[in-house]
Every structure is written in C-alpha cells, then in structure tokens.
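The values are calculated or read from the model by the stated rules, or taken from the named source; none is laboratory data. Note that this is a predicted model, so its numbers are computed, not measured. Cβ placement follows ideal geometry from the backbone for every residue including glycine, while neighbour counts extend to all protein chains displayed.
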Amino acid sequence: MKNFTTYLFVIFMAMFWIFRIIVAFCYNLGVDFVTTPIDFNFEIVLLFITFFAMILVVKRSMLGGLIYLVSYGLYFGYYIYNILVNMGEATTMQSYTDLIFAAMGIILPLLVLFDLMLDRNRKEHPKDKKTDWFYQNEEYDRKLDERADKNQYRIS
C-alpha cells in the first residue's frame with residue numbers, strides 16, 4: 001500500500017465494517033439504532049467475509065476487491081432494487097435511511113475495486129522520471145531524426 005487513496009479506502013472499509021458490527025450488535029440486543037440489518041444471519045456471515053476481503057485488499061489482491069464487491073452487491077443490491085421498485089408504496093424515513101446506507105455499501109466496494117485496478121495498472125506500467133523523458137518523448141525523437149538527416153558525412 002503505497003498510495004494515499006489506498007489507505008483512505010481501507011480506513012473507510014474498516015469504518016463501515018465497524019458500523020455494520022454495531023448495527024448487528026444493537027439489533028441483537030433490541031436497541032433502536034439508525035438502521036437495522038436486512039438479514040441478521042447473512043449480516044454475520046457478511047462481517048466475516050468482509051474481514052477476509054479487507055485483509056486481501058491490504059495485500060493488494062484483486063480477489064479481495066472482487067469478493068468485497070460481490071458480497072456487498074448481493075447483500076445490498078437486492079435490497080436497493082426492492083426499495084426502488086416499491087418506492088411509491090408506504091416509504092418511511094427508515095427505508096430512506098436504509099437506502100442511503102445500502103448505497104454506501106455498494107459505492108465503497110466499487111471504489112475499492114477501481115483503486116485496485118488503477119494500482120495494478122501502475123505496477124504493470126511503472127513510470128521512471130529519469131528515463132521516460134527520453135524514451136517516451138516523441139518531440140525529441142523527431143529532432144534527432146532531423147539532425148541525422150542534415151549530417152551528411154563524406155567517406156572518401
């Protein structure tokens with residue numbers, strides 16, 4: 001993890017994971033909280049899957065980002081779809097709040113996967129400032145070609 005954005009995304013992943021732990025804990029104790037789990041049993045499984053995915057994301061594995069996206073996409077995506085389809089029927093403030101947290105649960109894995117893909121591209125195509133100006137500079141190549149054409153040496 002060399003980039004600042006990677007650190008930020010891992011911190012946001014951990015914060016959202018801790019938030020989901022608090023949601024599950026409050027639901028289990030019967031305490032009213034801002035949001036409730038969609039499915040409590042799947043929420044517990046999702047917490048363990050997310051922890052495993054966070055470890056893989058820290059190690060910069062694309063598999064971690066894909067596991068994170070698929071698991072959260074299955075959990076929150078179905079819920080978002082149901083809320084949007086039944087939007088006109090008895091929507092409450094609780095459903096809007098759940099929709100916001102579910103949207104955060106979909107957007108965060110997308111950003112993490114996008115960051116992993118960018119980082120993979122940076123690793124495969126590194127930039128070296130010491131030599132890239134010479135090898136990737138087409139203007140320098142053109143000037144070199146023009147000089148080579150003007151230098152006509154006689155061999156006699």
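Looking across the stretch 79-111 at every residue that is farther than 13 Å from Ile38 by Cα and of a type in the set (Gly, Ala, Ser), the one that is modelled with the lowest pLDDT is identified as Ala90. Test Asp32 against the criterion of being over 21 Å from Leu116 (Cα atoms), touching a Cys at 6+ places or on another chain (Cβ under 8 Å) and of a type outside the set (Phe, Trp, Tyr), and give yes or no. It is true that Asp32 is over 21 Å from Leu116 (Cα atoms), touching a Cys at 6+ places or on another chain (Cβ under 8 Å) and of a type outside the set (Phe, Trp, Tyr). Within the stretch 23-54, the set of residues being over 22 Å from the mean Cα position of the chain (by Cα), of a type in the set (Gly, Ala, Ser) and surrounded by 12 or more Cβ atoms within 10 Å (Cβ to Cβ) comprises Ala24 only. Looking only at residues of the stretch 54-74 that are hydrophobic (A, V, I, L, M, F, W, C) and without any contact (Cβ under 8 Å) to a residue 40 or more places away in the chain, we find that the one that is farthest from Thr5 (Cα to Cα) is Leu74.
For the stretch 12-22, the criterion of being in contact with a helix residue (DSSP H, G or I) (Cβ under 9 Å, 6 or more places away or on another chain), basic (Lys, Arg) and loosely packed, with under 13 Cβ neighbours inside 10 Å is satisfied by no residue at all.
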